[in-house]
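Written out below as structure tokens is the structure these notes cover.
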Amino acid sequence: MVVLWYMWQFPPSNRVRNVAIAGHIDHGKTTFADHILAEAQIIPRSLAGQARYLDYWLEEQKRGITMKTTVMSLHFKMGSLDYLIHLIDTPGHVDFSGKVSRAFRLADSAIFIVDAVEGVMAQTESYLRLALQEAVRPVLFINKIDRLITEIKADSTQIFLRISSIIKRFNTIVARYAPKGLERVWQVDPKEDTVIFGSALHGWGFTYNDALKFSIKFDDIIKQYKKGDLSELTRMFPLGKKIVELIIKKFPSPIDAQKIRVRYLWDGDPPESVILCSPDGKAIFYVSKVSSTRGRIYITARVFSGVVQPGEYLRLPDGNRRRLQSVFMIRANKLQNISEVPAGNIFGGIMDAAPGETYSTDLIAGCFVKPKYYVYPVLSIAITPKRYSDIRRLLDLLKIITIEDPNLMFELSKDTGQVVLYGLGELHLELAIKNINESIPIYTTKPLVAFKEVPKQRSHISGDDLEIVIEPMGAVAPGKPIERLENEIIIQGISTEKKMVLETIISDSLKTGPRIGEPIVYAHINVTIKKNVPETEIVQKVYNALSDIQTLIAQPYYAFSITTDCEFLGRVLSLLSSRNAKIENVISGDLCEIRGQISVLDSLGLAEHLRNISQGRASVQLEYLGFIIATKSEEGRIFNYLSKLSEFFTRS
């Protein structure tokens, strides 16, 4: 296999592969990617598994985790044919799950990395579900087989049983969430080379068919580890070479993938050129990611039809046009200018665009649907610039940051003048604040939990001139989840123009509830105006009705998955009990896994506390579950929390 460092022409789309690498945090995604990069001669083979080349951001290197989506376009030659692999490395931490969802739109297949000891974890399940809903075909790499041998001291039978259970659990998720008609076809099968076994740290990997061909068994691998000499193993089954061969021979090309994917991803009837991945159709591309540097907006996008060239003006579905200033081949943090990008390829560019947008040379019917997010900003931080003269700069910077990361939100409080930034979790907000501080010095609070208020019961005000009904959108009771975090506002009896003004006023009024000052959600509001009434009178009566309603408090919850050495299980369970967690399942094996629910309020500082009581051998993943109406005792804890916050702000 020969590497082509620079290719003046793209290969045909049937020789292009768009492959994501995904999985639970610390299961070895970036270490695995090193071996593909070594095969492409990007890094020395001696550094593969140690370089973590795609984690080039300093913050990633300091923390040892991937925090962003990185694309690396790699050229290979197999036989007489050249191939282009667009490799997409994704984060594993739940706080960056929105980035993973957007990354899957670029890919046609995804290699899921699973730790042989820890198995299919909560975040593996979440990301696998996201990939399947993006119609991305999964492949399974069972990593860290060496841990089963050196740490668990497993024999060949135990290794086989462990691997079998991982495959079974993985396929259960595939069967549940795969696109209709593909539930069985997309299940992984060792005999079909859609399961690879190996160790990214030590640089070896093989398939079931390799094992048959070379007559190798797990007993043989155990012997090599006991001898302390892995040279024969890495010589026979070099991981990078094996993965590249599988990607080229077994993974779908954009031509094959788009015939399946597009019907799930397009809003309306997709153009035939998009289904066929035709380079002869209109240029149509989808923007997955944007970042802003020195006033320029850089995009990462995929061409689904036609050929994209720099300098072109392209249209959004609403008819607005944007100019694509430059086009690049992406090599992690390096960009290489190119003259065009044909259908099926991923590229970088400079363009005033936002994630989730569809562009085309001519106006077309429909567009790609937005990625599905199963997350919601449940924590907030109040921000104030150290120099108040920087407030406008701060707001402009936040607009850019929230375009780059749609899972961040911000608002300016009209009452206090503070800016409030909302994020998915503590790490998500911590990195956003660090990013802001690098440009504008700011003061911040600690992370604050975002609560909601929900109408408790029906409220009805009726008169000769108008009638107002405010009620919950469905049944509400302590302990019951809230199905929707929005409101329904219906206004009858006035002109469309006045109706829009009144809807805006009511929406603004709902941002501050009567009980704890948090937004009111899940409210159905019906205003019927029976005769001509001055607008000021209507507004006043609506205000009075909203201020008189009784509300319940809803608080956000996480689903948690904690992995720990079993010797610390008692301590972990005790800690969870002290934090009012609801434990649903405890799975004992080589490691212990605990699953359940915990309120966001009770989860604050949980990760650090777990590390302290387990000598660093317990980790937690928190996934947004939804808002649940608080019980009386939970309300007491919420009021106590808000009271302490009030005292803090008063002293400050």
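Taking Lys29 as the anchor, which lysines have their alpha carbon closer than 19 Å to its alpha carbon, excluding any fewer than eight residues away along the same chain?
Those lysines meeting the cut-off are Lys62, Lys68, Lys99, Lys144, Lys241, Lys242.
Specify the angular offset, from 0 to 90 degrees and rounded to the nearest 10, of the alpha carbon long axis of helix 632-651 from the longest principal axis of the alpha carbons in the chain.
Roughly 80 degrees, rounded to the nearest 10.
Can you check what the net charge comes to around Ser599, using other residues whose Cβ is under 15 Å from the Cβ of Ser599 (Lys, Arg +1; Asp, Glu -1)?
Cβ neighbours under 15 Å give a net charge of -1.
When we measure straight from the Cα of Lys446, which lysines land under 17 angstrom away, once same-chain ones fewer than 8 places off are left out?
Lys386, Lys434, Lys644
Using only the heavy atoms of the protein chains and a 1.4 Å probe, how would Tyr208, Tyr558, Tyr225 rank by accessible area, largest first?
Ranked list, largest accessible area first: Tyr208, Tyr225, Tyr558.
Note down the net charge around Tyr313, summing +1 for each Lys or Arg and -1 for each Asp or Glu among other residues with Cβ under 12 Å from its Cβ.
Summing Lys and Arg as +1 and Asp and Glu as -1 gives +1.
Does the range 383-449 classify as rounded, prolate or oblate by the C-alpha gyration tensor (a ≥ b ≥ c root eigenvalues; a/c under 1.5 gives rounded; else a/b over b/c gives prolate, otherwise oblate)?
Because its axes are fairly even, with a/c under 1.5, the range 383-449 counts as rounded.
If one takes the longest principal axis of the Cα atoms in the chain, at what angle in degrees, from 0 to 90 and to the nearest 10, does the Cα axis of helix 391-404 lie?
Helix 391-404 and the main axis of the chain meet at about 50 degrees.
Please work out the average accessible area per residue across the chain, using the 1.4 Å probe convention, and give it in Å².
That works out to 44 Å² for each residue.
Quickly estimate the mean residue ellipticity at 222 nm for the chain, helices only: each DSSP H run with n ≥ 4 gives -39500 (n - 2.57), and the total goes over all residues, rounded to 500.
So the helix-based figure for the chain works out to -10000 deg cm²/dmol.
Measure nothing fancy, just the Cα-based angle from helix 496-509's long axis to the longest principal axis of the chain, in degrees from 0 to 90, nearest 10.
The angle comes out at about 80 degrees.
Just to confirm a number: summing +1 for Lys and Arg and -1 for Asp and Glu over residues other than Lys223 whose beta-carbon lies under 11 angstrom from that of Lys223, what do you get?
-1
Kindly provide the trypsin sites (Lys or Arg not before Pro) of the range 154-250 that DSSP labels as loop, not H, G, I, E or B, and whose Cβ sees at most 13 other Cβ atoms within 10 Å.
Listed in order of number, the matching sites are Lys180, Arg184, Lys217.
Please work through the chain and write down the cysteines that have no neighbouring cysteine Cβ at a distance under 4.7 Å.
Cys277, Cys367
I'd like the carbon and sulfur percentage of the solvent accessible area for the range 139-280, probe radius 1.4 Å, heavy atoms only, ligands and nucleic acids excluded.
Using a 1.4 Å probe with all protein chains present, the range 139-280 comes out at 50 percent carbon and sulfur.
Using a 1.4 Å probe on the protein heavy atoms, what percent of the accessible area of the range 351-460 belongs to carbon and sulfur?
The value for the range 351-460 is 53 percent carbon and sulfur by accessible area.
So what is the relative contact order of the chain, in percent, for Cα pairs below 8 Å that sit 6 or more residues apart?
It comes to 10 percent, rounded to a whole number.
Computed FRET efficiency, Cβ-Cβ of Ile490 and Lys456, R0 22 Å: what is it to the nearest 0.05?
0.60
How would you order 22-29, 613-620, 151-158 from highest to lowest mean count of nearby Cβ atoms within 10 Å?
Highest to lowest by the protection proxy: 22-29, 613-620, 151-158.
Using only alpha carbon pairs under 8 Å that are at least six residues apart, calculate the relative contact order of the range 105-161 and give it in whole percent.
The normalised contact order for the range 105-161 reaches 43 percent.
Got a number for carbon plus sulfur as a percent of the range 481-570's accessible area, 1.4 Å probe?
The nonpolar share, carbon plus sulfur, comes to 49 percent.
Please report the antiparallel percentage of DSSP beta bridges with both residues in the range 452-563, rounded to the nearest 5.
70 percent
How about the range 173-234: which GluC sites (Glu not before Pro) there are in a DSSP loop, with at most 15 other Cβ atoms within 10 Å of their Cβ?
Those satisfying the criteria are Glu183.
Which entries of Lys399/Lys511; Lys399/Lys456; Lys153/Lys582 show an alpha-carbon separation above 30 angstrom in the structure shown?
Lys399/Lys456; Lys153/Lys582
May I ask you to derive the relative contact order of the range 191-248, considering only C-alpha pairs under 8 Å and at least 6 residues apart, and to give it as an integer percent?
Taking the mean separation of contacting Cα pairs over the length of the range 191-248, I get 39 percent.
Roughly how big is the range 551-652's charge dipole about its Cα centre, with Cβ charges of +1 (Lys, Arg) and -1 (Asp, Glu), in debye to the nearest 20?
320 debye
Pull out a ≥ b ≥ c, the square roots of the eigenvalues of the alpha-carbon gyration tensor of the range 332-455, then state rounded if a/c is under 1.5, prolate if not and a/b is larger than b/c, and oblate in the remaining case.
Prolate.
Under 20 Å from the Cα of Lys250, which aspartates and glutamates turn up, not counting those fewer than eight places away in the same chain?
Glu39, Asp82, Asp89, Asp108, Glu134, Glu183, Asp189, Glu192, Asp193, Asp210
The values are calculated or read from the model by the stated rules, or taken from the named source; none is laboratory data. Keep in mind that this is a model prediction, so the values were computed, not measured. Please note: Cβ atoms are built from the backbone with ideal geometry, for glycine as well, and neighbour counts cover all protein chains shown. The area values use the complete protein model at the heavy-atom level, side chains included, leaving out ligands, DNA and RNA. Shrake-Rupley method; radii C 1.70, N 1.55, O 1.52, S 1.80 Å.
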